[in-house]
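**Q** Below you will find the structure I want to go over with you.
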Amino acid sequence: MPTPRHHVIIGSGSAGFGAATTLRARDPDCRISLVTLSSLPFYNRYDLPDIFRGRHDWRDLLPIMPAMYDELGITLRRNSRVVDVNGTAQSVEFAHRETLHYDSLLVCAGGRGYLPEILSDYRPLMHNFASFEAAMEVHTALPKGGTVIMLGGDMLGLDLAFTLLDTGYKVALVTTPQTFWPHRVDDQLRGKLVAALEAKGARVHGDSAPVAVEEGLPGAPARRVILQDGTEISGDVVMPFCGLVPAVEFMLSAGVDIERGLLVRPDLRTTGENIWAAGDVCQIWSDSDKEYRFYHGWRNVREMGELAARNMTGSDEEFVAEDDGRIWLDKGSNICSTFWEH
Ligand SMILES: Cc1cc2nc3c(=O)[nH]c(=O)nc-3n(C[C@H](O)[C@H](O)[C@H](O)COP(=O)(O)OP(=O)(O)OC[C@H]3O[C@@H](n4cnc5c(N)ncnc54)[C@H](O)[C@@H]3O)c2cc1C
């Protein structure tokens with residue numbers, strides 16, 4: 001009996017999870033290892049704002065229960081950080097000093113929140129919203145009716161902002177060039193979108209950049225954000241939402257080409273042998289644009305994971321974007337985005 005192929009997938013988000021189930025459906029005999037930093041199995045992160053609507057049990061967010069991974073023959077390795085990939089030896093190195101061999105590797109490591117350099121020293125005074133645990137921490141830190149100061153306001157953050165406003169909290173939004181990321185908006189549309197945010201109750205600060213985050217003064221809310229023009233904004237929680245930086249640091253010696261993300265051909269192969277990439281971590285070659293492009297949005301990400309899995313098991317397909325990345329105002333002046341259509 002030949003040894004079954006071992007597919008290792010780094011990342012159990014939308015791309016990695018979709019890839020694992022597709023691999024299993026197409027190759028009943030292969031070995032699949034699905035690796036994640038998270039302590040939880042896959043859940044859709046765009047459901048996280050629902051925590052403010054009372055969804056506090058992480059099990060409610062899971063599309064499949066943990067026992068199903070065993071039934072599908074998918075080895076889920078939680079709390080496992082990959083620190084290095086050796087493309088020549090075809091192996092993955094973990095922070096806990098284990099080495100795992102692969103026959104084919106799919107990197108679906110996503111991205112983490114970008115923070116402008118000037119704010120990086122203030123990270124300990126800010127909250128992120130990248131995981132269920134982080135979202136619950138924000139919920140705990142925020143008093144009833146309290147204020148979130150949002151720096152940037154990408155489409156991930158604005159989704160949360162609308163939920164907060166809907167559930168009785170206040171939002172102070174300091175706009176930056178990353179507001180509405182990943183959409184690119186011209187000045188005219190930007191002005192209309194900002195007006196729509198204000199009409200929904202957000203307090204928008206658009207004239208000056210954030211330069212510092214400080215503890216609140218005694219007797220006042222827990223945080224202050226200082227803008228370049230000296231304005232101080234007071235609130236309970238500060239959250240940066242300034243787009244994503246692809247998580248590629250463990251791939252630096254893997255022998256693959258990297259720009260900002262992992263560079264892949266339209267069939268999602270990297271330049272490394274038997275190494276593929278999908279989701280927010282990769283940039284795909286676009287023949288029409290003559291450049292490598294990111295394709296964010298859950299529909300694109302899920303399609304990439306499934307496509308990579310099909311190509312790893314014998315297909316030869318090219319990626320076609322499922323989400324064209326549009327943002328607009330409807331007749332009622334509500335902000336609509338293909339990113340939010342789920
Ligand atoms: C609050 C929030 C709201 C969002 N709202 C929307 C929305 O409305 N619409 C939309 O389209 N998208 C939304 N998104 C974005 C969407 O969730 C992402 O585009 C999508 O999750 C990307 O999927 P991915 O599989 O590429 O990466 P991710 O989901 O980011 O998964 C990355 C995986 O890689 C793992 N990983 C990373 N580094 C390592 C390492 N060194 N070792 C081991 N494992 C590693 C992580 O643990 C994780 O499992 C939202 C995201 C957030 C956080």
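What follows draws every value from the coordinates through simple rules; no lab data is involved. Fair warning: this is a prediction, and the values are worked out from it, not measured in the lab. Positions of Cβ are generated from backbone atoms using ideal geometry, with glycine treated the same way; all protein chains shown enter the neighbour counts.
**Q** Could you please report the charge total around residue 27, scoring K, R as +1 and D, E as -1 over all other residues with beta-carbon less than 12 angstrom from its beta-carbon?
**A** On the way: positive: 5, 24, 26, 31, 310; negative: 29, 103.
The answer is +3.
**Q** Tabulate in residue order the Karplus-calculated ³J(HN,Hα) for region 178-195, using 6.51 cos²θ - 1.76 cosθ + 1.60 with θ = phi - 60°, rounded to whole Hz; enter x for Gly and Pro.
**A** Result, ordered by residue: 8, 4, 6, 3, x, 6, 9, 10, 7, 4, 5, 5, 4, x, 5, 5, 5, 4 Hz.
**Q** Also, I was wondering about something else. Mind checking the angle between helix 155-166 and the chain's longest principal axis? C-alpha axes, 0 to 90 degrees, to the nearest 10.
**A** 50
**Q** Put a dot 7 Å past each Cα toward the Cβ at residue 62 and residue 336; how far apart are the dots in nm?
**A** 3.6
**Q** Rounded to the nearest 0.05, what FRET efficiency do residue 288 and residue 215 give with R0 = 51 Å and r taken as the Cβ-Cβ distance? Could you check? Could you put the intermediate results ahead of the total?
**A** Numbers: r = 50 Å, r/R0 = 0.98.
It comes to 0.55.
**Q** Just the ratio, please: alpha-carbon radius of gyration of the chain over 2.2 N^0.38 Å, N its number of residues.
**A** Values: Rg = 21.0 Å, N = 342, 2.2 N^0.38 = 20.2 Å.
Ratio of Cα Rg to 2.2 N^0.38 Å: 1.04.
**Q** Right, another one. Please work out the Cα center distance from region 249-275 to region 34-87, rounded to the nearest Å.
**A** 24
**Q** Using 0.36 nm times the number of residues separating residue 133 and residue 326, minus their current alpha carbon distance, what extension gain do you get? Mind showing how you got there, number by number?
**A** Numbers: separation 193, 0.36 × 193 = 69.48 nm, distance 3.05 nm.
Computed gain between residue 133 and residue 326 is 66.4 nm.
**Q** Output the 0 to 90 degree angle, nearest 10, between the alpha-carbon long axis of helix 298-312 and the longest principal axis computed from the alpha carbons of the chain.
**A** That works out to roughly 10 degrees.
**Q** Near residue 200, which aspartates and glutamates are there with a Cα under 15 Å away, not counting those fewer than 8 places off in the same chain?
**A** 159, 166, 330
**Q** Starting from the Kirkwood radius over alpha-carbon pairs of region 116-242, derive D by Stokes-Einstein at 25 °C in a medium of 0.890 mPa s and give it in µm² s⁻¹.
**A** Values: Rh = 14.6 Å.
Taking Rh from Cα pairs, D becomes 168 µm²/s.
**Q** Further, regarding this structure: Just the C-alpha atoms of region 261-342: what Rg/Rh do they give, with Rh taken as the Kirkwood radius?
**A** Reported Rg/Rh, Kirkwood definition of Rh: 1.07.
**Q** Then there is this: Report the antiparallel proportion of the DSSP beta bridges in the chain as a percent, rounded to a multiple of 5.
**A** Details: 27 of 60 bridges.
If I count the DSSP bridges inside the chain, around 45 percent turn out antiparallel.
**Q** Another question, then. Given contacts defined as C-alpha pairs under 8 Å and at least six residues apart, what's the relative contact order of region 269-308, whole-number percent?
**A** Numbers: 38 pairs, mean separation 15.5, N = 40.
Across region 269-308, relative contact order equals 39 percent.
**Q** For the chain, what does -39500 (n - 2.57) per DSSP helix run (n ≥ 4), summed and divided by total residues, give at 222 nm, in deg cm²/dmol to the nearest 500? List each step's numbers first, then the result.
**A** On the way: 6 runs with 70 residues, N = 342.
Helix-only estimate at 222 nm: -6500 deg cm²/dmol.
**Q** Calculate, in nm to one decimal, what residue 39 and residue 114 gain on full extension: separation in residues at 0.36 nm each, minus their alpha carbon distance. If you can, show how the numbers build up before the last one.
**A** Details: separation 75, 0.36 × 75 = 27.00 nm, distance 2.25 nm.
Result: 24.7 nm gained on full extension.
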